[in-house]
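Here the structure comes first, spelled out in C-alpha cells, and everything after it is commentary.
The values are calculated or read from the model by the stated rules, or taken from the named source; none is laboratory data. Keep in mind it's a predicted model, so treat the numbers as computed, not measured. In this analysis, Cβ positions are derived from the backbone assuming ideal geometry, glycine residues included, and neighbour counts consider all displayed protein chains.
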Amino acid sequence: MIKKSLDICPVCDSKLLIKEYACPKCHTSIKGEFQNSVFNRLSSEQLEFVRIFILAQGNIREVENRLKISYPTVKNKINELIKILQDIDVKNKKDSIINVLDELENGFINISEAIDKISKKKKEK
C-alpha cells in the first residue's frame with residue numbers, strides 16, 4: 001500500500017524533504033532534495049473536493065450538484081481549506097525566521113545580517 005507523502009516530521013515538527021524517487025517498474029532511482037507540496041497536508045477527501053471545485057471552475061452550485069451537498073457545506077469546506085493553507089503560510093514564515101535566528105546563534109551571520117534577512121522576509125508577506 002502506497003502512503004501519502006509526509007510534509008512535517010512526526011518527531012520535531014520540522015519541514016521534511018523528499019530525498020529520493022524510485023520507479024517500481026524499472027527500478028530507476030532519482031536522488032536529491034525535492035520540495036513537498038502544500039497539498040500533502042490535505043486529506044484524500046479534501047483533495048477530492050479541490051479537484052471537483054477546479055473542474056467546476058469555482059462554481060459553487062456546480063460543486064453542490066456534483067457532490068450532492070448543500071451550499072453551506074461547500075462554503076464550510078472552502079473555509080476549512082483556506083484555514084489549512086493560511087496556517088501553512090504562517091508556519092513557513094515562522095520556520096524561515098527561526099532558520100535566520102539559528103544562523104545567528106551558530107555564528108554563520110552577524111546581527112546586522114540577521115536583521116536584514118528578517119526584514120526581507122517580513123516584506124515578502
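Looking at segment 71-87, is at least one residue in a strand (DSSP E or B), under 18 Å from the mean Cα position of the chain (by Cα) and modelled with pLDDT under 95? Checking segment 71-87: not a single residue is in a strand (DSSP E or B), under 18 Å from the mean Cα position of the chain (by Cα) and modelled with pLDDT under 95. In segment 104-119, the residues that are among the small types (Gly, Ala, Ser) reach residues that are surrounded by 10 or more Cβ atoms within 10 Å (Cβ to Cβ) with C-beta atoms within less than 8 angstrom, at least six apart or across chains, in these pairs: ALA114/VAL100; ALA114/LEU101; ALA114/GLU103; ALA114/LEU104.
Just so you know, in segment 7-28 the residues that are among the hydrophobic types (A, V, I, L, M, F, W, C) and part of a loop (DSSP other than H, G, I, E, B) include one that is farthest from ILE98 (Cα to Cα), and it is CYS26.
Would you confirm, using the coordinates I've provided, whether LYS31 is exposed (fewer than 11 other Cβ atoms within 10 Å of the Cβ) and either under 30 Å from SER96 (Cβ atoms) or in contact (Cβ under 8 Å) with a residue 24 or more places away in the chain (or both)? Criteria met by LYS31.
Just give me the residues in segment 20-55 being within 17 Å of the chain's Cα centre (by Cα) and over 28 Å from ASN76 (Cβ atoms), in sequence order. Correct list: GLU33, PHE34, GLN35. Being within 16 Å of LEU85 (Cα to Cα), of a type outside the set (A, V, I, L, M, F, W, C) and touching a strand residue (DSSP E or B) at 6+ places or on another chain (Cβ under 8 Å) is the requirement here; does LYS19 meet it? Here the answer is no, as LYS19 does not meet what is asked.
Among the residues of segment 37-44, are any in a helix (DSSP H, G or I), touching a residue at least 40 places away in the same chain (Cβ under 8 Å) and surrounded by fewer than 11 Cβ atoms within 10 Å (Cβ to Cβ)? Within segment 37-44 (the criterion being in a helix (DSSP H, G or I), touching a residue at least 40 places away in the same chain (Cβ under 8 Å) and surrounded by fewer than 11 Cβ atoms within 10 Å (Cβ to Cβ)), the answer is yes, since at least one residue qualifies. Of the residues making up segment 17-32, those that are of a type in the set (D, E, K, R) and at pLDDT 90 or above are LYS25, LYS31.
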